[in-house]
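Since the structure comes first, as structure tokens, the remarks are kept for the end.
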Amino acid sequence: MITLEVPGFGSSVKLERSANAASFPQFRGRLSGSSIDLIDSVADVRTAEHYALQWGASIGFQNFARDNPDAMAYTPSRQLGWSELFERIRERARTVPTRIYDAACGCGLIMDELFRDPVPEQLLYVGADIHGSLGEISVPRNAQPEQIFFLRWDISNPIPVIEPFDFVICRSSIHHTREPAHTFGSLVRAVAPTGRLAITAYAKKCRLRELNDDAIRNEFSKLSNEEALKAAGEFMVLGKALQAVSERLKVERDLEWLGIRAGEYGIQDFIYDHMIKCWFNPMFGEKLSSIVNFDWYHPTYAYRFDTVTLRNWFAAAGFAVERIISTKAQHYLEGVRI
Ligand SMILES: C[S@@+](CC[C@H](N)C(=O)[O-])C[C@H]1O[C@@H](n2cnc3c(N)ncnc32)[C@H](O)[C@@H]1O
């Protein structure tokens with residue numbers, strides 16, 4: 001067993017290690033600071049490589065998000081229940097030791113929100129992800145190094161941390177794993193007896209957009225990072241051109257089969273919501289707008305859900321769902337173990 005002691009804490013992050021069984025991970029080394037590599041071989045190399053580029057220093061997404069909260073407000077992650085949950089976690093962790101597992105932590109955007117000043121002194125954060133750029137995440141200035149750990153780990157598998165977590169969260173990621181329901185089961189195993197589990201997952205879109213997305217992704221996901229990033233730039237250019245069209249489109253009645261509601265639409269909004277994702281936001285600029293399209297079409301798996309399926313996962317695992325919030329992009333569900 002590797003024990004990472006956290007001074008001043010009632011508990012510590014204790015990792016199970018190899019010993020006998022194949023199911024336990026090997027300690028592969030440190031990525032940097034408290035970023036530890038526990039992956040022997042990556043099951044989905046394409047997704048890991050995709051996100052190693054997307055979250056790596058050459059793109060600089062973490063810095064962009066830190067410096068541009070107004071731009072980030074346009075992303076689905078900032079429009080669901082997360083900010084309110086993070087405030088509750090921060091409030092609790094001011095006085096009570098609080099352990100959080102951020103499954104598929106990306107480039108540390110959630111860590112940044114949780115450890116905003118004033119840093120909650122009793123918060124212990126473990127982030128896990130499969131990409132190889134975890135060592136490049138910069139830890140908030142005022143957080144103690146003992147409060148933050150990153151594990152390179154496939155979240156489809158139960159995290160090899162012995163003590164359970166008060167909060168297990170998985171934002172915009174479960175749909176990128178090969179079998180999301182199985183991944184959900186692994187997340188459930190990490191939740192403490194009265195702990196909470198919150199996820200967001202992609203929402204099902206209308207018929208045309210779903211069909212197009214599947215067909216595009218089928219080809220797009222096979223491209224190399226470089227090819228896909230270049231092609232994602234074309235989606236950005238298209239989105240920008242469509243935004244420049246000032247005419248509006250009027251649909252006279254609900255088109256049930258197509259999934260299009262009666263109403264007036266801006267041209268880019270209409271194409272985006274019903275046909276293809278072609279994201280452009282001037283606050284993100286051309287490079288990062290292309291990254292948003294790259295993020296949608298390039299990862300190997302990108303399942304979409306309705307709330308019934310997600311609610312059933314929680315119920316079957318013995319969780320009472322206390323919050324459901326949906327936008328057209330994603331569903332947020334938060335449950336407590338009963
Ligand atoms: C859209 S990003 C979301 C990142 C972060 N949760 C956030 O909200 O900022 C999806 C993340 O899922 C991670 N991911 C995909 N499949 C994974 C797996 N099987 N195990 C661990 N992480 C995975 C990717 O590497 C990527 O960082």
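The values are calculated or read from the model by the stated rules, or taken from the named source; none is laboratory data. Everything numeric in this text was worked out from a predicted model, so none of it was measured. Every residue, glycine among them, receives a Cβ derived from its backbone with ideal geometry; neighbour counts consider all protein chains shown.
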Practice prompt. Give the residues of the stretch 92-115 that are farther than 21 Å from W153 by Cβ and aliphatic (A, V, I, L, M), sorted by residue number.
Written response: A93, V96
Discussion item. Condition first: within 23 Å of A73 (Cβ to Cβ) and within 29 Å of the chain's Cα centre (by Cα). Now tell me which residues in the stretch 234-265 satisfy that.
Written reply: F235, M236, G239, K240, L242, Q243
Fill in: the stretch 140-193, subset more than 14 Å from the ligand (Cβ to nearest atom) and part of a loop (DSSP other than H, G, I, E, B), residue modelled with the lowest pLDDT
I162
Worksheet item: Considering only the stretch 99-139, how many residues are touching a residue at least 60 places away in the same chain (Cβ under 8 Å) and within 15 Å of the ligand (Cβ to nearest atom)?
Response: 18
Worksheet item: For W313, all conditions in the list (1) farther than 22 Å from C206 by Cα; (2) of a type in the set (A, V, I, L, M, F, W, C); (3) not assigned by TED's automatic domain parsing to the domain that holds S58 hold save one; what is the number of the exception?
Response: (3)
Worksheet item: Checking R99 against (1) of a type outside the set (D, E); (2) touching an Asp or Glu at 6+ places or on another chain (Cβ under 7 Å); (3) not in a strand (DSSP E or B), which test does it fail?
Response: (3)
